[in-house]
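Student: Please see the structure below; I have some questions.
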Amino acid sequence: MTDATTSPAGSPASTGKPILQVSDVHAAYGMVRVLHGIDLEVRDGEVVVVLGANGAGKTTTMRAICGLVDTTGSIRLDGKEIVGKKSADVARLGVAHVPQGRGTFADLSVEDNLQVGAFVRKDKEIRSDIDRWYEVFPVLGERRQQQAGTLSGGEQQMLAVARALMGRPRLLLLDEPSLGLAPMIVQNVFRNLQSIREEFGTTMLVVEQNANLALGIADRGYVIEAGRIVLSGTADELSSDDAVRAAYLGY
Ligand SMILES: Nc1ncnc2c1ncn2[C@@H]1O[C@H](COP(=O)(O)OP(=O)(O)O)[C@@H](O)[C@H]1O
Ligand SMILES: [Mg+2]
(Lines give C-alpha, C1' and ligand atoms only; values in the text may rest on other atoms or scores of the structure.)
(Ligands and ions follow the chains in the order given, each with its own letter.)
Protein backbone atom coordinates (compact mmCIF):
# COMPACT_ATOMS: atom_id res chain seq x y z
CA MET A 1 0.00 0.00 0.00
CA THR A 2 1.33 3.41 -0.91
CA ASP A 3 0.16 6.75 0.34
CA ALA A 4 -1.14 8.55 -2.74
CA THR A 5 0.43 11.82 -1.69
CA THR A 6 3.96 10.43 -1.73
CA SER A 7 3.64 7.90 -4.55
CA PRO A 8 0.96 9.06 -6.94
CA ALA A 9 1.18 6.43 -9.62
CA GLY A 10 2.61 3.15 -10.71
CA SER A 11 3.48 -0.05 -8.90
CA PRO A 12 6.06 -2.76 -9.35
CA ALA A 13 3.37 -4.92 -10.94
CA SER A 14 2.80 -2.49 -13.81
CA THR A 15 5.43 -2.86 -16.49
CA GLY A 16 3.66 -1.60 -19.63
CA LYS A 17 4.35 1.91 -20.79
CA PRO A 18 2.05 4.62 -19.51
CA ILE A 19 -0.98 5.31 -21.70
CA LEU A 20 -2.74 7.78 -19.40
CA GLN A 21 -0.96 10.08 -16.97
CA VAL A 22 -3.22 12.34 -14.92
CA SER A 23 -1.32 14.83 -12.82
CA ASP A 24 -2.57 17.52 -10.42
CA VAL A 25 -5.92 17.74 -12.17
CA HIS A 26 -8.44 20.23 -10.89
CA ALA A 27 -11.93 20.52 -12.34
CA ALA A 28 -14.95 22.70 -11.68
CA TYR A 29 -18.53 23.19 -12.80
CA GLY A 30 -18.65 26.97 -12.99
CA MET A 31 -17.77 28.18 -9.47
CA VAL A 32 -18.15 24.71 -7.95
CA ARG A 33 -14.71 23.15 -7.61
CA VAL A 34 -14.96 19.36 -7.60
CA LEU A 35 -11.50 17.89 -8.25
CA HIS A 36 -8.62 19.15 -6.11
CA GLY A 37 -5.47 17.68 -7.63
CA ILE A 38 -6.01 14.18 -8.99
CA ASP A 39 -2.97 12.03 -9.81
CA LEU A 40 -3.34 8.66 -11.46
CA GLU A 41 -1.80 6.55 -14.14
CA VAL A 42 -2.89 3.72 -16.42
CA ARG A 43 -0.30 1.58 -18.19
CA ASP A 44 -0.60 -0.38 -21.39
CA GLY A 45 -2.76 -3.48 -20.88
CA GLU A 46 -3.75 -2.62 -17.32
CA VAL A 47 -7.20 -2.55 -15.81
CA VAL A 48 -7.25 0.19 -13.17
CA VAL A 49 -10.18 0.91 -10.88
CA VAL A 50 -11.11 4.13 -9.10
CA LEU A 51 -13.24 3.47 -6.04
CA GLY A 52 -15.26 6.13 -4.32
CA ALA A 53 -18.57 6.92 -2.71
CA ASN A 54 -21.38 8.82 -4.34
CA GLY A 55 -20.30 12.40 -5.05
CA ALA A 56 -16.57 11.72 -4.57
CA GLY A 57 -15.72 12.95 -8.08
CA LYS A 58 -15.49 9.71 -10.07
CA THR A 59 -17.67 10.86 -12.97
CA THR A 60 -16.00 14.26 -13.02
CA THR A 61 -12.59 12.55 -13.28
CA MET A 62 -13.86 10.66 -16.33
CA ARG A 63 -15.29 13.85 -17.77
CA ALA A 64 -11.99 15.66 -17.24
CA ILE A 65 -10.15 12.96 -19.18
CA CYS A 66 -12.72 13.20 -22.00
CA GLY A 67 -12.63 16.98 -22.25
CA LEU A 68 -16.18 17.40 -20.96
CA VAL A 69 -15.55 19.67 -17.96
CA ASP A 70 -13.34 22.73 -17.25
CA THR A 71 -10.02 21.21 -16.27
CA THR A 72 -6.54 22.42 -15.29
CA GLY A 73 -3.41 20.37 -14.64
CA SER A 74 -1.97 17.78 -16.96
CA ILE A 75 -3.55 14.78 -18.68
CA ARG A 76 -1.26 12.98 -21.07
CA LEU A 77 -2.32 10.29 -23.48
CA ASP A 78 0.63 8.38 -24.91
CA GLY A 79 2.74 11.25 -23.64
CA LYS A 80 0.72 13.91 -25.42
CA GLU A 81 -1.07 16.66 -23.45
CA ILE A 82 -4.85 16.54 -23.92
CA VAL A 83 -6.13 19.04 -21.34
CA GLY A 84 -8.15 21.67 -23.20
CA LYS A 85 -8.90 19.47 -26.18
CA LYS A 86 -12.47 19.02 -27.35
CA SER A 87 -14.14 15.74 -26.49
CA ALA A 88 -14.38 14.65 -30.15
CA ASP A 89 -10.62 15.17 -30.51
CA VAL A 90 -9.92 13.16 -27.36
CA ALA A 91 -12.07 10.39 -28.83
CA ARG A 92 -10.11 10.53 -32.08
CA LEU A 93 -6.89 10.17 -30.11
CA GLY A 94 -8.19 6.85 -28.80
CA VAL A 95 -10.17 7.41 -25.61
CA ALA A 96 -13.57 5.70 -25.59
CA HIS A 97 -16.00 6.62 -22.85
CA VAL A 98 -18.91 4.55 -21.57
CA PRO A 99 -20.71 7.20 -19.52
CA GLN A 100 -22.58 6.56 -16.30
CA GLY A 101 -26.11 5.35 -16.95
CA ARG A 102 -26.95 5.44 -20.60
CA GLY A 103 -24.07 4.76 -22.95
CA THR A 104 -26.26 4.04 -25.97
CA PHE A 105 -28.50 5.95 -28.35
CA ALA A 106 -31.92 4.69 -27.28
CA ASP A 107 -33.68 5.50 -30.56
CA LEU A 108 -31.09 3.84 -32.77
CA SER A 109 -30.90 0.13 -33.50
CA VAL A 110 -28.21 -2.05 -31.97
CA GLU A 111 -26.44 -2.14 -35.34
CA ASP A 112 -26.56 1.65 -35.80
CA ASN A 113 -25.19 2.15 -32.29
CA LEU A 114 -22.19 0.03 -33.25
CA GLN A 115 -21.76 2.01 -36.49
CA VAL A 116 -21.79 5.27 -34.53
CA GLY A 117 -19.08 3.86 -32.27
CA ALA A 118 -16.80 3.59 -35.28
CA PHE A 119 -17.06 7.30 -36.15
CA VAL A 120 -13.40 7.89 -35.31
CA ARG A 121 -12.26 5.27 -37.84
CA LYS A 122 -11.62 5.41 -41.55
CA ASP A 123 -10.50 1.82 -42.18
CA LYS A 124 -12.44 -0.88 -43.99
CA GLU A 125 -12.77 -3.36 -41.13
CA ILE A 126 -15.81 -1.80 -39.47
CA ARG A 127 -18.18 -4.49 -40.77
CA SER A 128 -15.97 -7.33 -39.58
CA ASP A 129 -15.58 -5.65 -36.17
CA ILE A 130 -19.36 -5.38 -35.80
CA ASP A 131 -19.66 -9.07 -36.61
CA ARG A 132 -16.97 -9.87 -34.09
CA TRP A 133 -18.89 -8.08 -31.32
CA TYR A 134 -21.98 -10.04 -32.33
CA GLU A 135 -19.92 -13.17 -31.74
CA VAL A 136 -18.67 -11.94 -28.39
CA PHE A 137 -22.20 -10.86 -27.37
CA PRO A 138 -24.61 -13.18 -29.23
CA VAL A 139 -27.63 -11.44 -27.70
CA LEU A 140 -26.67 -8.26 -29.58
CA GLY A 141 -26.42 -10.20 -32.82
CA GLU A 142 -29.88 -11.64 -32.31
CA ARG A 143 -31.26 -8.17 -31.68
CA ARG A 144 -29.29 -6.18 -34.22
CA GLN A 145 -32.35 -4.38 -35.62
CA GLN A 146 -33.96 -3.76 -32.23
CA GLN A 147 -34.02 -0.23 -30.80
CA ALA A 148 -31.34 0.03 -28.13
CA GLY A 149 -33.77 1.65 -25.69
CA THR A 150 -35.87 -1.51 -25.63
CA LEU A 151 -32.98 -3.78 -24.55
CA SER A 152 -32.71 -4.89 -20.93
CA GLY A 153 -30.38 -2.91 -18.67
CA GLY A 154 -27.63 -5.52 -18.85
CA GLU A 155 -27.93 -5.77 -22.63
CA GLN A 156 -27.72 -2.00 -22.96
CA GLN A 157 -24.60 -1.94 -20.82
CA MET A 158 -22.92 -4.55 -23.03
CA LEU A 159 -24.01 -2.63 -26.13
CA ALA A 160 -22.49 0.51 -24.63
CA VAL A 161 -19.21 -1.36 -24.11
CA ALA A 162 -19.28 -2.84 -27.62
CA ARG A 163 -20.09 0.59 -29.09
CA ALA A 164 -17.09 2.08 -27.28
CA LEU A 165 -14.83 -0.75 -28.44
CA MET A 166 -15.91 -0.16 -32.06
CA GLY A 167 -13.59 2.85 -31.92
CA ARG A 168 -10.66 0.46 -31.31
CA PRO A 169 -9.64 2.67 -28.40
CA ARG A 170 -6.23 2.88 -26.76
CA LEU A 171 -8.08 3.35 -23.51
CA LEU A 172 -11.60 2.36 -22.47
CA LEU A 173 -13.20 4.46 -19.72
CA LEU A 174 -16.09 2.80 -17.89
CA ASP A 175 -18.18 4.88 -15.52
CA GLU A 176 -19.96 2.61 -13.02
CA PRO A 177 -20.90 -0.24 -15.35
CA SER A 178 -22.76 -1.88 -12.45
CA LEU A 179 -25.10 1.05 -11.80
CA GLY A 180 -28.79 0.16 -11.74
CA LEU A 181 -28.29 -3.49 -12.66
CA ALA A 182 -29.44 -6.52 -10.68
CA PRO A 183 -26.59 -8.33 -8.86
CA MET A 184 -26.59 -11.33 -11.19
CA ILE A 185 -26.50 -9.09 -14.26
CA VAL A 186 -23.66 -7.08 -12.75
CA GLN A 187 -21.62 -10.27 -12.35
CA ASN A 188 -22.28 -11.05 -15.97
CA VAL A 189 -21.13 -7.58 -17.09
CA PHE A 190 -17.88 -7.97 -15.13
CA ARG A 191 -17.32 -11.47 -16.51
CA ASN A 192 -17.67 -9.98 -20.00
CA LEU A 193 -15.21 -7.20 -19.18
CA GLN A 194 -12.77 -9.80 -17.89
CA SER A 195 -13.00 -11.85 -21.08
CA ILE A 196 -12.60 -8.75 -23.27
CA ARG A 197 -9.50 -7.95 -21.30
CA GLU A 198 -8.13 -11.48 -21.70
CA GLU A 199 -8.98 -11.78 -25.39
CA PHE A 200 -8.11 -8.28 -26.64
CA GLY A 201 -5.78 -6.88 -23.99
CA THR A 202 -7.92 -3.74 -23.77
CA THR A 203 -6.56 -1.12 -21.37
CA MET A 204 -9.34 0.05 -19.04
CA LEU A 205 -10.00 2.65 -16.40
CA VAL A 206 -13.11 1.69 -14.44
CA VAL A 207 -14.80 3.80 -11.79
CA GLU A 208 -17.07 1.90 -9.44
CA GLN A 209 -18.89 1.83 -6.16
CA ASN A 210 -19.04 -1.96 -6.44
CA ALA A 211 -15.53 -2.43 -5.10
CA ASN A 212 -15.72 -6.19 -4.80
CA LEU A 213 -16.33 -6.93 -8.46
CA ALA A 214 -14.18 -4.10 -9.75
CA LEU A 215 -11.14 -5.16 -7.69
CA GLY A 216 -11.74 -8.69 -8.96
CA ILE A 217 -10.85 -7.69 -12.52
CA ALA A 218 -8.36 -4.89 -11.77
CA ASP A 219 -4.57 -4.88 -11.50
CA ARG A 220 -4.40 -1.70 -9.45
CA GLY A 221 -6.69 0.85 -7.98
CA TYR A 222 -7.14 4.24 -6.40
CA VAL A 223 -9.57 5.50 -3.80
CA ILE A 224 -11.06 8.96 -4.35
CA GLU A 225 -12.67 10.99 -1.57
CA ALA A 226 -14.06 14.51 -1.96
CA GLY A 227 -12.11 15.16 -5.16
CA ARG A 228 -8.79 13.81 -3.93
CA ILE A 229 -6.99 10.49 -4.34
CA VAL A 230 -6.43 9.26 -0.79
CA LEU A 231 -5.05 5.77 -1.40
CA SER A 232 -3.55 3.69 -4.17
CA GLY A 233 -2.23 0.18 -4.48
CA THR A 234 -2.51 -3.15 -6.22
CA ALA A 235 -5.96 -4.72 -6.29
CA ASP A 236 -4.79 -7.22 -3.65
CA GLU A 237 -3.46 -4.47 -1.41
CA LEU A 238 -6.69 -2.50 -1.65
CA SER A 239 -8.81 -5.63 -1.08
CA SER A 240 -7.03 -6.33 2.18
CA ASP A 241 -6.86 -2.72 3.37
CA ASP A 242 -8.95 -2.22 6.50
CA ALA A 243 -10.28 1.19 5.50
CA VAL A 244 -11.22 -0.01 2.02
CA ARG A 245 -12.89 -3.07 3.46
CA ALA A 246 -14.91 -1.04 5.92
CA ALA A 247 -15.93 1.67 3.45
CA TYR A 248 -16.35 -0.22 0.19
CA LEU A 249 -16.34 -3.97 0.70
CA GLY A 250 -18.69 -4.20 3.65
CA TYR A 251 -16.72 -6.74 5.69
N1 LIG B 1 -23.07 19.55 -13.56
C2 LIG B 1 -22.71 19.77 -12.29
N3 LIG B 1 -22.79 21.02 -11.75
C4 LIG B 1 -22.43 21.25 -10.48
N5 LIG B 1 -21.94 20.32 -9.64
C6 LIG B 1 -21.85 19.07 -10.11
C7 LIG B 1 -22.22 18.72 -11.45
N8 LIG B 1 -22.00 17.39 -11.62
C9 LIG B 1 -21.53 16.94 -10.45
N10 LIG B 1 -21.43 17.94 -9.54
C11 LIG B 1 -20.93 17.81 -8.16
O12 LIG B 1 -19.60 17.36 -8.20
C13 LIG B 1 -19.34 16.42 -7.16
C14 LIG B 1 -18.77 15.14 -7.75
O15 LIG B 1 -19.76 14.56 -8.60
P16 LIG B 1 -19.45 13.27 -9.49
O17 LIG B 1 -18.16 13.46 -10.18
O18 LIG B 1 -20.65 13.03 -10.30
O19 LIG B 1 -19.28 12.16 -8.35
P20 LIG B 1 -19.40 10.56 -8.44
O21 LIG B 1 -19.37 10.17 -9.87
O22 LIG B 1 -18.20 10.07 -7.68
O23 LIG B 1 -20.67 10.19 -7.76
C24 LIG B 1 -20.65 16.24 -6.42
O25 LIG B 1 -20.61 17.06 -5.28
C26 LIG B 1 -21.68 16.74 -7.39
O27 LIG B 1 -22.78 17.29 -6.73
MG1 LIG C 1 -20.67 9.12 -10.99
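The values are calculated or read from the model by the stated rules, or taken from the named source; none is laboratory data. Everything numeric here is computed off the predicted structure, so don't read it as measured data. In this analysis, Cβ positions are derived from the backbone assuming ideal geometry, glycine residues included, and neighbour counts consider all displayed protein chains.
Student: Applying the selection to segment 191-227, what residues are within 21 Å of L77 (Cα to Cα) and among the charged types (D, E, K, R)?
Tutor: R197, D219, R220
Student: Taking segment 213-247, which residues are assigned to a strand (DSSP E or B) and polar (S, T, N, Q)?
Tutor: S232, T234
Student: So which residues in segment 200-212 are in a helix (DSSP H, G or I) and within 16 Å of ligand 2 (Cβ to nearest atom)?
Tutor: Within segment 200-212, just A211 meets the criteria.
Student: Mind telling me which of the residues V49, V69 ends up being within 16 Å of ligand 1 (Cβ to nearest atom), within 14 Å of L173 (Cα to Cα) and modelled with pLDDT of 95 or more?
Tutor: Going through V49, V69 in turn, the sole match is V49.
Student: Test of understanding: among G94, G101, G84, which residue is within 16 Å of ligand 1 (Cβ to nearest atom) and of a type outside the set (V, I, T)?
Tutor: Of the residues listed, the single one that is within 16 Å of ligand 1 (Cβ to nearest atom) and of a type outside the set (V, I, T) is G101.
Student: Please find, among G30, G16, G10, the residue that is within 13 Å of ligand 1 (Cβ to nearest atom) and at pLDDT below 95.
Tutor: G30
For (1) within 12 Å of the chain's Cα centre (by Cα); (2) among the aliphatic types (A, V, I, L, M); (3) modelled with pLDDT of 95 or more, each residue gets a yes or a no:
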residue	(1), (2), (3)
A148	no, yes, yes
M158	no, yes, no
G167	no, no, no
L173	yes, yes, yes
Q187	no, no, no
L193	yes, yes, no
E208	yes, no, no
R228	no, no, yes
G233	no, no, yes
